[in-house]
Structure formats: C-alpha cells, structure tokens
1. Given the condition farther than 18 Å from VAL166 by Cα and either of a type outside the set (Gly, Ala, Ser) or at pLDDT 85 or above (or both), answer yes or no: does some residue in the range 99-108 qualify?
2. Looking at (1) surrounded by fewer than 17 Cβ atoms within 10 Å (Cβ to Cβ); (2) under 10 Å from the mean Cα position of the chain (by Cα); (3) hydrophobic (A, V, I, L, M, F, W, C), which one does VAL79 not meet, given that it meets all the others?
3. What pairs come up if the first residue lies in the range 135-146 and is more than 16 Å from PRO82 (Cα to Cα) and of a type in the set (Ser, Thr, Tyr), the second is modelled with pLDDT of 95 or more and crowded, with 22+ Cβ neighbours inside 10 Å, and their beta carbons are under 6 Å apart, counting only those six or more places apart or on different chains?
4. Pull out all pairs, ordered by first then second residue, where Cβ-Cβ is under 8 Å, the residues are six or more apart or on different chains, the first lies in the range 166-187 and is closer than 16 Å to GLY105 by Cα, and the second is aromatic (Phe, Trp, Tyr).
5. Take the residues in the range 34-49 that are within 17 Å of LEU181 (Cα to Cα) and aliphatic (A, V, I, L, M), then tell me which one is surrounded by the fewest Cβ atoms within 10 Å (Cβ to Cβ).
6. Among the residues of the range 131-148, which ones are over 17 Å from GLY99 (Cα atoms) and part of a helix (DSSP H, G or I)?
7. State whether the residues of the range 160-175 include one that is assigned to a helix (DSSP H, G or I), buried (at least 17 other Cβ atoms within 10 Å of the Cβ) and in contact with a Cys (Cβ under 9 Å, 6 or more places away or on another chain).
8. Being more than 17 Å from GLY34 (Cβ to Cβ), within 14 Å of the chain's Cα centre (by Cα) and at pLDDT 95 or above is the requirement here; does ALA95 meet it?
Amino acid sequence: MRRAFPLAVFLFLSASVSADAHEAINGGGPFINGLFHPFIVPAHVLALIALGLWLGRQDNGALRRSVIAFAVALIVGLVAGPFGTLPAFVPDVLALCIGALAATGWRAPASITVIVALGIAVLIGFDSASEDPLMSLGIWAGAHLIVLNVINIVLRLKAAWLIVGVRVIGAWIAAIALMLLALGLKS
C-alpha cells in the first residue's frame, strides 16, 4: 500500500496535461493546484495550522465533532464562494484570532470548538472557492491535510515543554497574521 500511493500520485501528475498561466503549478491540473492552494495563501495556511494546534489540545469528543464540522462547513464555503467575495483583510483577521486562541491553550466546550471550526472552514472555503469542482475538491483535501496533520502532531506531544511550544507557535501565528493585516491595510 505504501508503494501504491507514490505510484498513483505520479500517474495522476503525469496524466495532467492542461496548462494555464494562473495555475500555481503549470500543467498540474485543477486538483493539484487546488491541493496546494491552502499551502500558498499565507493567511489560510496560518489559520489552518493554528486551528490544528488549538483543536489538538481539546478533548476527544470536541475534537471529533469539530473535525466533522470543519469538513462539512468547508464544502459549504467552497460551494457558496463563487457567489460573493470577502474583504481582503478577513483571512488575516481570521488567522490572527485563531492564532491568539491557540496561544491561550484554552480547552473550550465542544459547542464552542465546533462553532470556531465551522466559522474558519466557511470563511476559508468562501475565500478560496473555485468554479471548477475538481479544484474545489483539491482545496478541500489540502485544507484537511494541514489541519489533520497538525492535530496528529499535537496529539502525540506529551511533555509539558512541548505543550508550551504549541502555545508559542500559536502566538507567533497571531503575530505574523497581525503583520499581514497591517501590510494589507497599508496598501
């Protein structure tokens, strides 16, 4: 199985022949470009990492519900996205808020973690939306790669100093998002 995945990725990449000047990876196709979209938009990657940091510190029930809510709400945001636009500063504010939340280390009730996950997913989906369903599927998968992998890493941390490190990373994300916000508002 481990050897089949790289082969499948190679075959998928080699089968993609379209080229578009607006693609992140020329010739990568809509799914691959969608997959990398959350990784190359600074505010999105910051918000998704911060969400993973924060959710990884929640109890198992809240974590499960929040991940499911995130998955569904991201689809809603991606479907609704082509019908409107967000102000340019919203993703930066989103990253700032969830970064600050991750920095606090607060273990929230399940209802609040679900609401936060819903809000972030809808706004990132809305801001990332594409009219191409294959690209939207890639965006959905890319966002999940970030969030679920960060959650997995945080869940494995047991030492107290590593947990403090998670909070420090959340604070750094908030600071970076604040700088992005200031730069965006200046221009």
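The values are calculated or read from the model by the stated rules, or taken from the named source; none is laboratory data. Only a predicted model underlies this, so the values are computations on that prediction, with no experimental measurement involved. With ideal geometry, Cβ positions are generated from the backbone for all residues, glycine too; neighbour counts draw on all protein chains shown.
1. So far as the range 99-108 goes, no, none of its residues is farther than 18 Å from VAL166 by Cα and either of a type outside the set (Gly, Ala, Ser) or at pLDDT 85 or above (or both).
2. (2)
3. Sorted first by the residue in the range 135-146, then by its partner, the list stays empty.
4. The qualifying pairs are GLY170/TRP54.
5. Only one residue fits best here, namely ILE40.
6. PRO133, LEU134, MET135, SER136, LEU137, GLY138, ILE139, TRP140, ALA141, GLY142, HIS144, LEU145
7. Yes, the range 160-175 contains at least one residue that is assigned to a helix (DSSP H, G or I), buried (at least 17 other Cβ atoms within 10 Å of the Cβ) and in contact with a Cys (Cβ under 9 Å, 6 or more places away or on another chain).
8. So ALA95 passes the test.
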